[in-house]
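Data first, discussion second: the structure below is written as structure tokens.
The values are calculated or read from the model by the stated rules, or taken from the named source; none is laboratory data. Since the structure is predicted, the reported quantities are computational estimates derived from the model, not experimental observations. Using ideal geometry, Cβ is built from the backbone for each residue, glycine included, and neighbour counts are taken over all protein chains shown. Note: areas computed on protein heavy atoms with side chains; ligands, DNA, RNA excluded. Shrake-Rupley method; radii C 1.70, N 1.55, O 1.52, S 1.80 Å.
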Amino acid sequence: MKRTTLYFVRHGEVYNPKDVLYARLPRFRLSERGVQEAETTARYLKRKPIKALYSSPMLRARQTAKILQNYHPQAPVHITRRLIEVKTSYQGEPRAVLQSIGWNFYDNRRHPGDEGREDILNRMLKELSLTRRRHSGQDVVWVAHGDPVIILTLWGQGRPLTDLHQYKGHTYIGHASVTAFTFEPGRELPVQVEYTDPNAKA
């Protein structure tokens, strides 16, 4: 049987003039730069034999997925809430508040309904299991958000989820970046995890 490759794409830059944590707040769209980033990534992926795209329901993710689909018109876009952004009561807070807690909403929860790292991993793994069953041996794109993608990457690399906070700052994954997971049939963990940022400056 063939390998299955999943391309996890973070959405492009968001129009956020008040510089707040938008999280699950509605109507946060791609900025002009974000549209350009998504186009660059779409061109990077255009030669891949993409069979389907799955997207978070957030506007910025759906816009990114649509741009990617322009280069793969035969690949349907499926919307799934399992790829949605982190649920946190810090949404809407300005950058200064997030910096004061080191961008760590997980160990500084303000509401019992806030998601933990394990909560995010569990929903991402459920989506991963479904995707692998539906698209065994195929190439598929997920359009999601920074923390969920990093959390799944840590799982794929066998690293503790608390390593997420090593990404906060200069090493956080780029907008419209691609994290490719390659799976062998019958193996739970990926045999390869490769990060690429098509928009990174040379």
Percentage of interatomic Cα-Cα distances in the stretch 72-152 larger than 16 Å = 59 percent
ask   = Relative contact order, percent, of the chain when contacts are C-alpha pairs under 8 Å separated by at least 6 residues?
value = 32 percent
remark   = Taking alpha-carbon centroids only, the stretch 16-76 lies from the stretch 105-163 a number of Å equal to 18 Å
query = Taking R0 as 25 Å, what's the FRET efficiency between Gln166 and Leu189 from their Cβ-Cβ distance, rounded to 0.05?
reply = 0.80
Estimated distance in nm for a label pair at Glu118 and Lys201, the labels positioned 7 Å out from Cα along Cα-to-Cβ = 4.3 nm
task = Sticking with the crude label model, points 7 Å out along Cα→Cβ, report the distance from Lys87 to Asn104 in nm, one decimal please.
result = 2.3 nm
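With the cut-off at 23 Å, tell me which of the pairs Lys87/Lys126; Lys48/Lys87; Lys46/Lys66 have Cα atoms farther apart than that. Kindly include the intermediate steps, with their values, before the conclusion.
Details: Lys87/Lys126 17 Å; Lys48/Lys87 32 Å; Lys46/Lys66 13 Å.
As for pairs spanning more than 23 Å Cα to Cα, those are Lys48/Lys87.
With viscosity set to 0.890 mPa s at 25 °C, what whole-number translational diffusion coefficient in µm²/s follows for the stretch 117-202 from Stokes-Einstein and a Kirkwood radius over Cα pairs?
Working: Rh = 13.8 Å.
It diffuses with D of about 178 µm²/s by this estimate.
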query = Which angle from 0 to 90°, rounded to the nearest 10, does the C-alpha axis of helix 32-45 make with the longest principal axis of the chain?
reply = 30 degrees
task = Please work out how much length the chain gains when fully extended from Arg47 to Arg159, using 0.36 nm per residue of separation minus the C-alpha to C-alpha distance, in nm with one decimal.
result = 37.2 nm
query = Amide H of Lys87: which non-local residues (sequence gap of 5 or more, or other chain) have their own amide H closer than 5 Å, using H built in the peptide plane?
reply = Glu115
note = By the Kirkwood definition, with r running over pairs of different Cα atoms, the chain has a hydrodynamic radius in Å of 17.1 Å
request  = With a 1.4 Å probe and every protein chain kept in, tell me what percent of the accessible surface of the stretch 1-114 is carbon plus sulfur.
outcome  = 49 percent
key: Vicinal HN-Hα couplings computed from phi for the stretch 85-101 (Karplus, 6.51 cos²θ - 1.76 cosθ + 1.60; Hz; Gly/Pro x)   = 5, 4, 8, 8, 6, 7, 4, x, 7, x, 3, 4, 5, 5, 5, 5, 10
ask   = Where does helix 117-134 land angle-wise versus the long Cα axis of the chain, in degrees 0 to 90, nearest 10?
value = 20 degrees
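By how many nm would the segment from Ser136 to His78 grow when fully extended, if each residue of separation counts as 0.36 nm and the alpha-carbon distance is taken off?
Result for the pair: 19.2 nm of gain on full extension.
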